[in-house]
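Here's the structure we're looking at; comments come further down.
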Amino acid sequence: MKSIRNRCLLSAMLIGGLFVPGVAVGANNGVEVSHLGPTNTLVRVTGDDNYILFPVQEVFEDDAKINVLVDGKLEETIYVKLARTKTDYTVPYDLSPYKGKNVVFDIVTNQNRNSVRDAKDDVCWDGMVIVDEFDTTNTETQWRPAYHHTPLYGWMNDPNGMFYKDGVWHLYFQKNPYGSKWQNMTWGHSTSTDLITWEHQPDAIKPDGLGAIFSGSSVLDPQNTAGYGEDAVIALFTSAGTSQMQSLAYSKDNGQTFEVYAGNPIITLDTEARDPNMFWNKETGEWNLILAHALEKEMLIFTSPDLKTWTLQSSFGKGLGAQEGVWECPDLFELVIPGTDQTKWVLISNINPGGPFGGSGVQYFIGDFDGKTFTSDTNPDGTVPTKWLDFGKDNYAVVSWSDAPDGRRPVIGWMSNWQYAADVPTVQFRSANTLPREMELFADADGELHVASVPSPELEKLRGKIVSSAENKNISPKGSHYKLPADGICEIDVTFQAEDNELVTFTIDNPDGEKVVMKYDNKNHTMSFDRRQSGVVDFSDKFPAVTSSPTFEKDGKINLRIFIDRSSVELFGNNGQFVMTNLVFPEKPYSTLNIESKNGTAHLDSLKIYSMNL
């Protein structure tokens, strides 16, 4: 079995990984540096190797502006936190497309009252070298996830543009190729045949004259409505320059490379809008698009015959649901009501800030959609309820794959929170994706519909040997201890009944006292997750937290599947009816699970702790 891990070919085809000083292969100076003034420097490439390395120092809020000139013409503009006093790491810029041409970097560094200096004194100039190759080997084994998708190097946020075709799952994502903090938004690209093992691909869509490439969606066009061929892959995304507008790109090679539509932008508004998500509506025979009207805190719904010309039909959400932050990253899809032949539509609205425990969160609405207007279901009192997809702090920008097989609706999220995403204690990479989950409807004990996040069935392939197990035993106040695998990476599958017990507590910890405490409260039918002592937590005062979720049952019977990776814990309760996704950064792997009761009896039906096939 294969785990989610970073697989790549170290070649000029891939703009590789973060490069730490001292590990360059074939390094030589290969540059000529000319300082033109206190803020302006020209760097001319004199070598013939494949990459130039830019030294980065993360402490600064501002970036150097780098105009890339090829044979005297502006090729692109990138932004890099060039090192001033010390180098944290270096990032590569791919020179291979410009062999035999004159390449010059026109660099402007920032000056302000807090940073008055002459740029020629910065350390970055001596660290710029030309190299043939560079090492993308993972250097952060302590916290780099073992079975979650992560970027090969640098910053990652929203997943976007995902589609399935010919047995391959395509995952695109917001990426900074030139640093581990947000900037230079580009569509990175990874592929998988099993939703578990991911292979990094070359970047798919890069910033252009209309701006950076923000989030969007991709679809197959089997009827050739856009005119680029049967089953061409069509991507819509937000071009983010001075303003935000929507643009189109198309691919004729199954999403490996994209051509940008010459008629961009295809949607412009006089207010901020982003993250277009489109799908073919088989009932109406046209394309639908939902667009986040971010600052207005609503969603706009469009129709189109050809993916290029869009007509605004309606809006949804003004004054409804959580309204504290901007609305982003929408999705709209249809699900079957269990036990019936009826369906309901689900509208996802990611929101930041305003999540249930601060910062980012994912709210959703259940209702009806006629191809032009979405109408939300209401409570008995006529109000539209606010519902949350995840009750942890670290699941955001959740969107689904288009064209998934067998009627599935798999989704994936960005496993972080805007409150501290740029400050987490990793350097080579920042952020991972959640595990893939299937969207399903379920009715709670009172008959109200909710959305479950069911672990995708492929995840069972990760299960290795059972390292600890138990069944049919009482849970005592003294607690029972069970070993985790030596690396702490595992899945815990436990079923219990609280009976007349008040609390059932699950604690995962290590010998240093770092721990995560999860408590089921039988009186209030809630599950809490406490990571305040989970390991390194002092990088942000927003990180130590206790989150809590309703369990949507009334009988105290609970099944938990808990996935532990090197820097995350994902808890799925009762087949995904309640979910908590939280990052953790233990100094040593968690080694023990302790289960105990308080104020009454509880019964452990079964427990299995699986190592992972990595």
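Considering only residues that are among the hydroxyl-bearing types (Ser, Thr, Tyr) and within 23 Å of GLY188 (Cβ to Cβ), look in region 237-280 and name the one that is surrounded by the most Cβ atoms within 10 Å (Cβ to Cβ).
We begin by selecting, within region 237-280, every residue among the hydroxyl-bearing types (Ser, Thr, Tyr); these are 238-239, 242-243, 247, 250-251, 257, 261, 268, 271.
Now restrict to residues that are within 23 Å of GLY188 (Cβ to Cβ): 238-239, 247, 250-251, 257, 261.
Working: THR238: 27, SER239: 25, SER247: 25, TYR250: 19, SER251: 21, THR257: 15, TYR261: 19.
It comes out as THR238.
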Next on the checklist: Give all pairs with beta carbons closer than 7 Å in which a residue from region 460-474 that is outside any strand (DSSP E or B) meets a residue that is of a type in the set (A, V, I, L, M, F, W, C) and open to solvent by 90 Å² or more (accessible area, probe 1.4 Å); count only pairs at least 6 apart in sequence or on separate chains.
Outcome noted: LYS461/MET1; LEU462/MET1
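Residue by residue through region 481-501, note down the ones that are part of a strand (DSSP E or B) and surrounded by fewer than 16 Cβ atoms within 10 Å (Cβ to Cβ). Talk me through it step by step, then tell me what you get.
Our first condition is that a residue be part of a strand (DSSP E or B); within region 481-501, this holds for 481-483, 490-497.
Listed by number, the residues that qualify are HIS481, LYS483.
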Next on the checklist: Here's a check for you: in region 53-104, which residue that is aromatic (Phe, Trp, Tyr) and not in a strand (DSSP E or B) is most open to solvent (accessible area, probe 1.4 Å)?
Outcome noted: PHE60
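Each row is one residue, and each column tells you yes or no for (1) closer than 25 Å to PHE54 by Cα; (2) of a type in the set (Ser, Thr, Tyr); (3) out of contact with any Ser or Thr (no Cβ under 9 Å at 6 or more places or on another chain); (4) touching a residue at least 60 places away in the same chain (Cβ under 8 Å).
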{"position": "MET162", "(1), (2), (3), (4)": "no, no, no, yes"}
{"position": "HIS189", "(1), (2), (3), (4)": "yes, no, yes, yes"}
{"position": "ALA212", "(1), (2), (3), (4)": "yes, no, no, no"}
{"position": "GLY227", "(1), (2), (3), (4)": "no, no, yes, yes"}
{"position": "THR242", "(1), (2), (3), (4)": "no, yes, yes, no"}
{"position": "ASN254", "(1), (2), (3), (4)": "no, no, yes, yes"}
{"position": "THR257", "(1), (2), (3), (4)": "no, yes, no, no"}
Checklist outcome for this item: Residues in region 171-189 that are in a strand (DSSP E or B) and open to solvent by 10 Å² or more (accessible area, probe 1.4 Å) total 1
Next on the checklist: Six or more apart or on different chains, Cβ atoms under 6 Å: show the pairs whose first residue is in region 440-451 and over 17 Å from ASP368 (Cα atoms) and whose second is open to solvent by 50 Å² or more (accessible area, probe 1.4 Å).
Outcome noted: ALA445/LYS554
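Among the residues in region 557-574, are any at pLDDT 95 or above, more than 21 Å from ASP390 (Cβ to Cβ) and surrounded by fewer than 21 Cβ atoms within 10 Å (Cβ to Cβ)?
We begin by selecting, within region 557-574, every residue at pLDDT 95 or above; these are 557-574.
With more than 21 Å from ASP390 (Cβ to Cβ) added as a condition, the list becomes 557.
Okay, now just the ones that are also surrounded by fewer than 21 Cβ atoms within 10 Å (Cβ to Cβ), so 557.
There is at least one residue in region 557-574 that is at pLDDT 95 or above, more than 21 Å from ASP390 (Cβ to Cβ) and surrounded by fewer than 21 Cβ atoms within 10 Å (Cβ to Cβ).
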Checklist outcome for this item: Contact list, first residue from region 33-58 and touching a residue at least 40 places away in the same chain (Cβ under 8 Å) and of a type in the set (D, E, K, R), second anywhere and buried (at least 16 other Cβ atoms within 10 Å of the Cβ) and assigned to a strand (DSSP E or B), beta-carbon distance below 6 Å, six or more apart or interchain, is ARG44/VAL104; ASP49/ILE130; ASP49/VAL131
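What residue, of THR268, THR311, THR303, THR242, is over 27 Å from ALA204 (Cα atoms) and among the β-branched types (Val, Ile, Thr)? Lay out the reasoning, then the answer.
Numbers: THR268 fails: over 27 Å from ALA204 (Cα atoms); THR303 fails: over 27 Å from ALA204 (Cα atoms); THR242 fails: over 27 Å from ALA204 (Cα atoms).
Only one candidate qualifies: THR311.
Please find, among SER247, SER218, SER243, SER239, the residue that is over 22 Å from the mean Cα position of the chain (by Cα), under 20 Å from ASP275 (Cβ atoms) and of a type in the set (Gly, Ala, Ser).
After ruling out the rest, the residue left standing is SER243.
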Checklist entry - Would you say ASN417 is in contact (Cβ under 8 Å) with a residue 12 or more places away in the chain and touching a Cys at 6+ places or on another chain (Cβ under 9 Å)? => result no
Item to check | The one condition in (1) touching a Leu at 6+ places or on another chain (Cβ under 6 Å); (2) part of a loop (DSSP other than H, G, I, E, B); (3) free of Cβ contacts under 8 Å to residues at least 40 places away in the same chain that ASP394 fails to fulfil | outcome: (3)
Checklist entry - Do you know which of the residues in region 352-377 that are in contact with an Asp or Glu (Cβ under 7 Å, 6 or more places away or on another chain) and free of Cβ contacts under 8 Å to residues at least 60 places away in the same chain is surrounded by the fewest Cβ atoms within 10 Å (Cβ to Cβ)? => result THR375
Checklist outcome for this item: Here the residues within region 387-421 that are more than 30 Å from PRO222 (Cβ to Cβ) and surrounded by fewer than 16 Cβ atoms within 10 Å (Cβ to Cβ) are none
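Do we find that ALA226 is of a type in the set (A, V, I, L, M), closer than 26 Å to SER304 by Cβ and part of a strand (DSSP E or B) in this structure?
On the way: of a type in the set (A, V, I, L, M): yes; closer than 26 Å to SER304 by Cβ: yes; part of a strand (DSSP E or B): no.
No, not satisfied.
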Next on the checklist: Residues to consider are ALA212, ALA249, ALA235; find the one that is closer than 19 Å to ASP331 by Cβ, among the hydrophobic types (A, V, I, L, M, F, W, C) and outside any loop (DSSP other than H, G, I, E, B).
Outcome noted: ALA235
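The values are calculated or read from the model by the stated rules, or taken from the named source; none is laboratory data. The structure presented is a predicted model; accordingly, all values stated were derived computationally and were not measured. All Cβ positions, even for glycine, are placed from backbone atoms using ideal geometry, and neighbour counts span all protein chains on display. Each accessible area value is taken on the protein alone, full model and side chains, heavy atoms only, with ligands, DNA and RNA left out. Shrake-Rupley method; radii C 1.70, N 1.55, O 1.52, S 1.80 Å.
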